[in-house]
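Participant: After the structure tokens below, expect a handful of questions from me.
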Amino acid sequence: MSKSWTVGVDFGATNIKVGAVSDDFKVLKEIVLSSRRYPTPEAFVEALKDAVSVLSSELLLSRSSLRGLGAGIPGLTDSKHGITHILVNMPAEWHGFALRKFMEKKLGLMCEIDNDVNVVALGEWKLGAGSNTNDSLYITLGTGVGGAVVANGRLVRGAAGVAGELGHMIIKPDGPVCGCGNRGCLEALIGTTAIIRKARAAIRRKKTIMARLAATKGSLTPALVSLAAGAGDASAKKIWAELGADLGLALSSLVNVLNPEKIVIGGGISGAWRYFAPAMMAILKKIPFKVSSGSCTVLRAKLGDKAGILGGALLIREKSCRI
Ligand SMILES: [Zn+2]
């Protein structure tokens, strides 16, 4: 009899990663599919079925020893009822779709779905930087700013199952308009779009190192703003300092509200840690109650691009985490 295994699925904007995970949480093999090739839930599940068969035959692991499949879905997802609500980057077929039930029927497996950030947070919480703490906070920085909260040893899901939208906390009521329609959300202040907007304005004002780099590379990205900051560009350094201050402000309120032991920061923008962390930490030292900030450590995420697959596998392995 072969060893038992689990499948974790990380459904991103560009790629769908399907990974076989061993009982001791090693990613044994992963298959990468293009998200654009599977626009409907039916096509997505069909692709998962094929990927599971390939993993099973290539790893010589039997289907009967497969515990189940857990998937992180990019958008508002009701994990309790297994329904996908709004997936902003996917067609209307996904809205209000009973995905879990459909997956279980087509794959003949126990399946679980959850919001992608919750799944990444679950991975980091149990296997990464969160080190299984009872009270912690996860925030991902990128085009979107997502989050998840662990309180009293459980992932907080909320009454409608959509809790943890840390990116939509309003930090500046007169700030820029957010994708959600409100003004001054954290995401509108520190997401990729905001970084690029600030960089573009800085370049227009002054011909700096950042302007020269942008002209050479032909595009303006957060990575380029980091490069410019590393080369001593004052306007690029200011963009990261402002990002750190806004993030620090948002986290300060959360520290007072939730008193987390750990705050784990991941996502592409966290690569600029050395440029924004000093401003963030200065605010975190200054604003929250000392008793709260003194018991809180801020860390970078550890699992990198494996967090989604491992978190997906954990959805199956730790069903008890569900409220
Ligand atoms: Zn918003």
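The values are calculated or read from the model by the stated rules, or taken from the named source; none is laboratory data. What you see is a predicted model; the values in this text were computed from it and never measured. Because the Cβ atoms are built from the backbone with ideal geometry, glycine has one as well, and the counts that use them run over all protein chains shown. Protein only, heavy atoms only, side chains kept; ligands, DNA and RNA dropped before computing areas. Shrake-Rupley method; radii C 1.70, N 1.55, O 1.52, S 1.80 Å.
Participant: Filter the range 195-219 down to residues that are under 23 Å from the mean Cα position of the chain (by Cα) and open to solvent by less than 40 Å² (accessible area, probe 1.4 Å) and give me whichever is nearest to residue 283 (Cα to Cα).
Facilitator: Only one residue fits best here, namely 195.
Participant: Restricted to the range 141-165, and to residues that are within 10 Å of the ligand (Cβ to nearest atom) and not in a strand (DSSP E or B), which residue is nearest to residue 190 (Cα to Cα)?
Facilitator: Narrowing the range 141-165 to residues within 10 Å of the ligand (Cβ to nearest atom): 144-145, 165.
Checking which are not in a strand (DSSP E or B) leaves us with 144, 165.
Values: 144: 9, 165: 14 Å.
The selected residue is 144.
Participant: Further question: So which residues in the range 281-301 are touching an Asp or Glu at 6+ places or on another chain (Cβ under 8 Å), at pLDDT 95 or above and of a type outside the set (A, V, I, L, M, F, W, C)? Break it down stepwise before answering.
Facilitator: Restricting attention to the range 281-301, the residues satisfying the condition of being touching an Asp or Glu at 6+ places or on another chain (Cβ under 8 Å) are 295-297, 301.
Keeping just the survivors that are at pLDDT 95 or above gives 296-297, 301.
Matches in the range 281-301: 297 only.
Participant: Residues 55, 87, 48, 107: which one is in contact with a helix residue (DSSP H, G or I) (Cβ under 7 Å, 6 or more places away or on another chain), over 15 Å from residue 308 (Cβ atoms) and modelled with pLDDT of 95 or more?
Facilitator: Values: 55 fails: in contact with a helix residue (DSSP H, G or I) (Cβ under 7 Å, 6 or more places away or on another chain); 87 fails: modelled with pLDDT of 95 or more; 48 fails: over 15 Å from residue 308 (Cβ atoms).
The conditions single out 107.
Participant: So which residues in the range 70-84 are closer than 21 Å to residue 166 by Cβ, open to solvent by 10 Å² or more (accessible area, probe 1.4 Å) and either in contact with a helix residue (DSSP H, G or I) (Cβ under 8 Å, 6 or more places away or on another chain) or of a type in the set (Asp, Glu) (or both), if there are any at all?
Facilitator: Scanning the range 70-84 gives 74, 75, 78.
Participant: Of all the strands (runs of 3 or more DSSP E) wholly in the range 10-108, which have at least 1 residues that are farther than 26 Å from residue 155 by Cα and of a type in the set (Val, Ile, Thr)?
Facilitator: Values: elements: 15-22, 27-34, 66-73.
By residue number, 27-34.
Participant: Then there's this: Looking at the range 232-246, I want the residues that are more than 11 Å from residue 276 (Cβ to Cβ) and have a partner that is charged (D, E, K, R) with Cβ atoms under 8 Å, at least 6 apart or on another chain. Which pairs are those?
Facilitator: Pairs found: 235/205; 235/206.
Participant: For residue 196, state whether it is at pLDDT 95 or above and either touching a Pro at 6+ places or on another chain (Cβ under 9 Å) or away from the ligand (no atom under 16 Å from the Cβ) (or both). Full working, then the answer.
Facilitator: On the way: at pLDDT 95 or above: yes; either touching a Pro at 6+ places or on another chain (Cβ under 9 Å) or away from the ligand (no atom under 16 Å from the Cβ) (or both): yes.
Yes: the conditions hold for residue 196.
Participant: Six or more apart or on different chains, Cβ atoms under 7 Å: show the pairs whose first residue is in the range 86-106 and on the phi > 0 side of the Ramachandran plot and whose second is of a type in the set (Val, Ile, Thr).
Facilitator: 96/83
Participant: Restricting attention to the range 184-194, which residues are open to solvent by less than 20 Å² (accessible area, probe 1.4 Å) and touching a Ser or Thr at 6+ places or on another chain (Cβ under 8 Å)? Lay out the reasoning, then the answer.
Facilitator: Narrowing the range 184-194 to residues open to solvent by less than 20 Å² (accessible area, probe 1.4 Å): 184-186, 188-191, 194.
191, the sole residue that qualifies.
Participant: Another question, then. Checking residue 27 against (1) among the hydrophobic types (A, V, I, L, M, F, W, C); (2) touching a residue at least 60 places away in the same chain (Cβ under 8 Å); (3) surrounded by 21 or more Cβ atoms within 10 Å (Cβ to Cβ), which single condition isn't satisfied?
Facilitator: (3)
Participant: Here is a follow-up. So residue 131 clears everything in (1) away from the ligand (no atom under 16 Å from the Cβ); (2) assigned to a helix (DSSP H, G or I); (3) under 24 Å from residue 306 (Cβ atoms); (4) touching a residue at least 40 places away in the same chain (Cβ under 8 Å) except one condition, right? Which one?
Facilitator: (2)
Participant: Filter the range 166-183 down to the residues that are open to solvent by 80 Å² or more (accessible area, probe 1.4 Å) and more than 8 Å from the ligand (Cβ to nearest atom), then identify the one that is nearest to residue 197 (Cα to Cα).
Facilitator: 177
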